[in-house]
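The values are calculated or read from the model by the stated rules, or taken from the named source; none is laboratory data. Since the structure is predicted, the reported quantities are computational estimates derived from the model, not experimental observations. All Cβ positions, glycine included, derive from the backbone under ideal geometry; neighbour counts span all protein chains shown.
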Amino acid sequence: MERVYVIPLRDAKTAPRTKRSPKATRVVREFIQKHMKSDDVKMDESVNEKIWERGIQKIPPKIKVKATKEEDGSVLVTLAQ
């Protein structure tokens, strides 16, 4: 199963400036766990690089990702084109 999501990262904006990128990573992981109904979420490096692109303080307002659920129940998250 494959789906494309636009994940809003405004929840991570409420975190202190020096913790925004790690919080944004957790927000993406929690969003995928909730919507794909799987606890095993693996994120591609491209997603992490997009979040950290402008540093720890300036995260993007939203991110577009493609989530692919494997046969064993794990979910692979990559950056959507």
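Tabulated data
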read-out: Selected residue (criterion: nearest to the chain's Cα centre (by Cα)) from residues of region 48-75 that are closer than 11 Å to S38 by Cβ and hydrophobic (A, V, I, L, M, F, W, C); value: A67
read-out: Selection within region 1-32 - within 17 Å of T78 (Cα to Cα) and β-branched (V, I, T); value: V4, V6, I7, T25, V27, V28, I32
read-out: Residues satisfying the stated conditions in region 1-22, i.e. among the acidic types (D, E) and in a helix (DSSP H, G or I); value: D11
read-out: Spans of strands (runs of 3 or more DSSP E) in region 23-81 with at least 1 residues within 14 Å of K13 (Cβ to Cβ); value: 62-69
read-out: The lone exception for E49 - which of (1) surrounded by 13 or more Cβ atoms within 10 Å (Cβ to Cβ); (2) modelled with pLDDT of 95 or more; (3) among the charged types (D, E, K, R) it fails; value: (1)
